[in-house]
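In what follows, a single structure is set out as C-alpha cells and then discussed.
Just so it is clear, none of the values below were taken in a lab; they were calculated from the coordinates. Keep in mind that what you see is a predicted model, and the values were worked out from it rather than measured. A quick note on method: Cβ atoms are made from the backbone with ideal geometry, for glycine too, and the neighbour counts reach across all protein chains shown.
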Amino acid sequence: MSILINEDTTFIVQGITGREAVNLTRECLDYGAGAKVVGGVTPGRLGREVHGVPVFDTVKQAVDHHGGPIDGSVVTVPPAFTKDAVFEAIENGIKLIVIVTERIPRRDVAQMVELASLRGARIIGPNCLGIIVPDVIKMGGIGGPAKDAAKAYTSGPIGVISRSGGMTTEMSSTLTAAGLGQSTAVSIGGDAIIGSSYAELMPLFEADEQTEGIVIYTEPGGRMEAELAKWVKENNSRLPIVAFMAGRFMDEMPGMSFGHAGTIVEGKEDTAAEKIARLAEAGITVAEEISQIPEIMKSKLGAPANA
Amino acid sequence: MLFSDMGGIDIEEVAETHPDHVGRRHFSNLLPISDFAAKECIASVGVTGSRLNRLTPILTRLARLFVERDMTLAEINPLCELEDGTFVALDAHMDMENEARPRQKALLHELGVGHEETRQAREATEFELAGEAVDAQDHRGVAGNVTEFDGDLGLVIGAGGGSLTLFDAVRKYGGKPANYCEIGGNPSVEKACGLAKLVLSKPGVDKIAVMMSIVSNTRVDIVARGVIKACLELNMDPAEKISIFRIPGAWEEEGFKILDHYGVRYADRTTSMHEAAKLAVEAS
Amino acid sequence: MRKDAIFIGIEVDDAVAGDAQLAAKLEEVCPVDIFAVAGGRVEIVDENLDECILCAMCIQAAPQGTLTVHKLYSNELLDAPA
C-alpha cells in the first residue's frame with residue numbers, strides 16, 4: 001500500500017492555467033496508472049481545458065461537476081492568493097492539500113494550517129513538490145516528467161520524507177539503484193512552518209504494511225527533528241530510520257539563511273550538530289553521505305528490532 | 001506567546017534555569033486576538049491583582065502587532081514597573097519576515113528600512129550584490145542566492161537542498177569553496193551564464209564545478225548551455241575551466257550531447273553527489 | 001534566412017519569411033521570444049536563439065518543411081512534433 005494517496009485518489013489543480021501548473025498536470029496524468037485529475041481552477045477561466053482537464057472558476061464548481069467529494073488539491077497559485085485558495089479547498093471538503101507555492105508569508109501559513117486542523121484536513125508543504133507512490137500515482141511536480149520520475153522511483157519498502165524536493169528524488173534514485181524501492185515519498189517543504197512534519201507523517205507510515213523503513217533528508221533550522229526523535233522514543237516505532245543532514249557548514253554561520261526559507265541557525269537547538277545528536281539518541285542513524293544510506297538501511301532491516 | 005517575571009535577561013536562559021518563571025501559551029491565528037490568552041499566560045507564573053490587569057493588554061497588543069505586522073519575533077525586554085504601578089518598555093526587539101515585505105511597505109518606509117536591508121547576519125558583499133543582479137535580470141527560475149567565501153574553488157551548484165549537500169561535500173573532501181549559490185526552477189540560459197561568469201571572474205578562481213542533485217524541473221541542457229556560454233564569452237576553454245559537470249535528470253541526453261561537443265567532463269546519476277564533489281576538489 | 005547562435009540555429013524559408021500572418025503566429029507560439037514581427041516579415045531575435053527549449057512549436061506553426069531548428073552542438077535537426 002502507500003500513505004496519503006493511491007490509484008483511486010481524485011484531485012484538482014488550483015491555478016491550473018499557470019505555466020508550471022500546465023506541466024505538472026501533464027506529468028501527473030502521464031505517470032503510473034494516470035492520476036485522476038478531475039478538474040482545475042483558475043478564476044475567470046471557466047470552460048477552458050488543460051490537457052483535457054476541465055477548468056472551473058471555483059472549487060465548488062469542480063466538486064459539483066465531479067458529483068461528489070474530491071480527495072485532494074495541488075495549489076500552485078501565487079503567494080498573495082494562496083491562503084484564499086487553500087481556504088476555498090478546505091471549505092469545499094477537500095482533505096489533502098499539496099501547496100507548491102513558495103514565499104507565502106508565515107502568518108498566512110499559520111492560518112491555513114490552523115483551519116486544516118480544525119476541519120480534519122491535511123496540508124503538505126508549502127514550498128514542496130508533493131507526493132509520489134512509485135509506479136502508481138504522483139500528486140505534484142515530484143520527480144518531474146513521467147519518464148524521469150520512472151528512472152528515479154521504484155516500488156518497495158522504504159518511506160521517504162524530505163525537506164527538499166530535489167533531494168527527495170536524489171535519495172530515492174540512490175535507494176532504487178541499490179534495489180530498495182519506495183512505498184511513498186513525500187516532499188514536505190522547506191518553509192519554517194509546514195503542514196506536515198516528519199513526526200506527523202510517521203504514524204501513517206507506521207500503519208502502512210508495505211513500509212519497513214524510513215529515510216529522511218534534513219537541514220539546520222527549526223524543531224522538526226527534535227519532534228521526530230521524541231515521537232520515535234515515545235511510540236517505540238517499528239520502523240528503522242536513516243537520516244541525511246545537509247548544511248553542516250551553517251553551524252559556523254548563525255543568522256545566515258541558505259537553501260530554504262526555514263533553513264537558518266537561530267539558536268543552539270537549530271544547529272546541524274545538535275540535531276544529529278538528538279536523532280542519534282533516538283536510534284536514528286545519520287549517514288555521512290547519501291550513497292551510504294542503502295547499506296545502513298539494509299543492515300537495519302536485517303536486524304530483529306529497531307535497537 | 002511567552003511571559004516571564006524575570007526580565008532583563010535572555011529568555012532562553014530563563015527558560016533553562018527557571019522554567020517556572022516562564023509562562024507559555026499558543027494563541028489562534030484565525031480568531032481575533034483577545035485578552036484571555038494573554039491573561040492565562042501571565043497568570044500561569046503567579047502574577048495576580050492589578051499587575052495582571054495592567055499587563056494583560058500589553059501582551060495582547062504585542063501579540064496583535066506580531067500577527068498584523070508579519071513578525072517572526074516581537075519581544076519587549078525588559079518591561080519595567082514604575083512606582084505608581086504603570087509599566088514602561090525599556091527595550092524591544094522586532095523581526096519582520098522577508099516574505100511579508102511587499103505588504104508592509106508603508107511601515108518599512110515609515111521606519112526608514114530600505115530595500116537593501118535583509119535579514120542576513122552580515123552585509124552583502126559586492127560579489128553577492130552582483131549575484132543578486134544576475135538573478136534579477138529575468139523572472140525565469142533562480143540562479144543566485146550567492147554567498148561569498150574566501151576559497152578558490154568556484155561552485156555553480158543547485159538546487160536548495162542540493163547546494164547545501166554539495167557545499168558540505170566539497171568541504172568534507174578538503175576543498176575551499178569560493179562561493180555558495182543556488183540554481184533552480186529552470187532558469188534561462190542567460191541567467192545560468194551570468195552566474196557562471198560571475199564565479200569564473202572572481203579573483204583566485206581557476207575552475208568551476210557545476211553540480212546539482214537530480215533535476216526534474218531545471219533542464220540539464222539549458223544549464224549546460226549557460227555555463228559553456230560563460231566560458232566562451234570570457235575566451236576560456238569550457239573543457240579546461242569546468243572541472244566537472246554533474247547534473248542528472250530532465251533532458252540529460254540532450255545536455256550530455258552539448259558537453260560531449262565541448263569536451264567537458266561530466267557525470268550522470270551513477271556518480272554520487274559526494275563523488276562529484278571529490279572529483280571537483282581533486283581537479284582544482 | 002538563416003541565423004546561428006552558439007547552440008541553436010534557425011532557418012526560415014525565404015518563400016514564407018515575408019508572410020505577415022506566419023510572423024505573427026511564430027511570435028505568439030515561441031515561449032522564449034525567438035521570433036518577432038518586423039515590417040510584416042518574420043524576424044529572428046539573435047539574442048534569444050540560445051534560449052530555445054526545443055519545443056518545436058515553431059516547426060508546427062510553419063508550413064511543412066519551411067522552418068528548421070538546427071542543434072549546432074550535435075549537427076542534428078530538431079524533429080517536428082509527432
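Over chain A, dividing the summed -39,500 (n - 2.57) contributions of all DSSP H runs of at least 4 residues by the number of residues returns a 222 nm mean residue ellipticity of -10500 deg cm²/dmol. Does the protein assembly as shown come out rounded, prolate or oblate, given a ≥ b ≥ c as the square roots of the eigenvalues of its C-alpha gyration tensor, rounded meaning a/c under 1.5 and, failing that, prolate meaning a/b above b/c? Prolate. Summarising the strand pairing of chain B, around 55 percent of its internal DSSP beta bridges are antiparallel. For segment B:222-228, putting each phi into the Karplus relation 6.51 cos²θ - 1.76 cosθ + 1.60 with θ = phi - 60° gives couplings of 5, 5, 4, 4, x, 6, 5 Hz, in residue order, rounded to whole numbers and with x for Gly and Pro. The mean number of partner chain beta-carbon atoms within 10 angstrom of a residue's beta-carbon across peptide A:107-120 is 3. For B:Tyr266, the residues whose amide H sits under 5 Å from its own are B:Phe245, ignoring neighbours fewer than 5 places away on the same chain, with H placed 1.01 Å from N. Can you grab the distance from the C-alpha centre of segment A:38-111 to the C-alpha centre of segment B:215-262, Å, no decimals? For segment A:38-111 versus segment B:215-262, the Cα centre distance is 37 Å.
Please name whichever of C:Gln64, C:Val12, C:Asn75 sits farthest to the positive end of the charge dipole of chain C, dipole taken about the Cα centre and charges placed at Cβ: Lys and Arg +1, Asp and Glu -1. Working it through, the farthest residue towards the positive pole turns out to be C:Gln64. Peptides B:255-266, B:21-32 ordered by packing proxy, namely the average of other Cβ atoms within 10 Å per residue, highest first: B:255-266, B:21-32. Selection among A:Asn92, A:Gly165, A:Val215 by position relative to the dipole of segment A:10-302 gives A:Asn92 as farthest towards the positive end (Cβ unit charges, Cα centre).
Rounded, prolate or oblate: which fits segment A:1-145 when a ≥ b ≥ c are the square roots of the eigenvalues of the alpha-carbon gyration tensor, with rounded for a/c under 1.5 and prolate only if a/b beats b/c? Rounded.
For peptide A:251-257, the mean count of partner chain Cβ atoms within 10 Å of a residue's Cβ comes to 3. The mean sequence separation of alpha-carbon pairs under 8 Å and at least six residues apart, normalised by the residue count of chain A, gives a relative contact order of 14 percent. Summary value for segment C:2-77: 37 percent relative contact order, contacts being C-alpha pairs under 8 angstrom separated by 6+ residues.
According to the square roots a ≥ b ≥ c of the eigenvalues of the Cα gyration tensor, what is the shape class of segment B:1-91, taking rounded for a/c under 1.5, prolate for a/b larger than b/c otherwise, and oblate for the remainder? Rounded.
Remark: segment A:244-257, residue by residue, has Karplus-estimated 3J(HN,Hα) of 10, 10, 9, x, 4, 4, 5, 4, 7, 10, x, x, 9, 9 Hz, where x stands for each Gly or Pro and the curve is 6.51 cos²θ - 1.76 cosθ + 1.60 at θ = phi - 60°. Inter-chain Cβ neighbour count for A:98-104, averaged per residue, equals 2 (cutoff 10 Å, partner chain atoms only). Measuring nothing but how far apart in sequence close Cα pairs (under 8 Å, 6+ apart) lie, relative to its length, chain B scores a relative contact order of 12 percent. Amide H to amide H distances under 5 Å link A:Arg122 with A:Leu96, A:Ile97, where only residues 5 or more positions off or on other chains count and H is placed in the peptide plane. Given bins 5 angstrom wide, list per bin the percent of all Cα-Cα distances in segment A:216-285, short to long. With a bin width of 5 Å, the distribution comes to 3, 19, 30, 23, 13, 8, 3, 0. For chain A, the longest principal axis of the Cα atoms and the long axis of helix A:293-302 meet at an angle of about 70 degrees. Between B:Thr17 and A:Asp8, the C-beta separation translates, for a Förster distance of 35 Å, into a calculated FRET efficiency of about 0.05. Counting neighbouring Cβ atoms within 10 Å and putting the fewest first, the residues A:Ser291, B:Ser163, C:Ser74, B:Ser50 line up as B:Ser50, C:Ser74, A:Ser291, B:Ser163.
Can you run phi through the Karplus equation (6.51, -1.76, 1.60; θ = phi - 60°) for segment C:12-27 and list ³J(HN,Hα) in whole Hz, with x for Gly and Pro? Rounded to whole hertz, the list is 10, 4, 4, 5, 10, 4, x, 7, 4, 5, 5, 4, 5, 5, 5, 4.
Give me the net charge of B:Asp35's neighbourhood, meaning all other residues with Cβ under 13 Å from the Cβ of B:Asp35; Lys, Arg count +1, Asp, Glu -1. Charge balance in the 13 Å sphere: +4.
Here's how it looks for A:Val53: its modeled amide H is under 5 Å from none belonging to a residue 5 or more places away or on a different chain. Compared with the dominant Cα axis of chain B, that is its longest principal axis, helix B:49-68 is turned about 20°.
Restricting to the protein assembly as shown, what percent of DSSP beta bridges are antiparallel, rounded to 5?
For the protein assembly as shown, the DSSP antiparallel bridge percentage is about 45.
Considering only beta bridges that DSSP places wholly inside segment B:126-283, some 30 percent are antiparallel. Report, in listed order, any pair from A:Lys138/A:Lys300; A:Lys138/A:Lys230; A:Lys268/B:Lys176; A:Lys36/A:Lys60 with a Cα-Cα distance greater than 20 Å. Going by Cα-Cα distance, A:Lys138/A:Lys300; A:Lys138/A:Lys230; A:Lys268/B:Lys176 fall outside the 20 Å limit.
GNM remark for chain B: springs join alpha carbons under 10 Å apart, and the peak mean-square fluctuation among B:Cys41, B:Cys181, B:Cys231 falls on B:Cys41. Simple point charges give the picture: +1 on the Cβ of Lys and Arg, -1 on the Cβ of Asp and Glu, and for the protein assembly as shown a dipole about the Cα centre of about 1040 debye.
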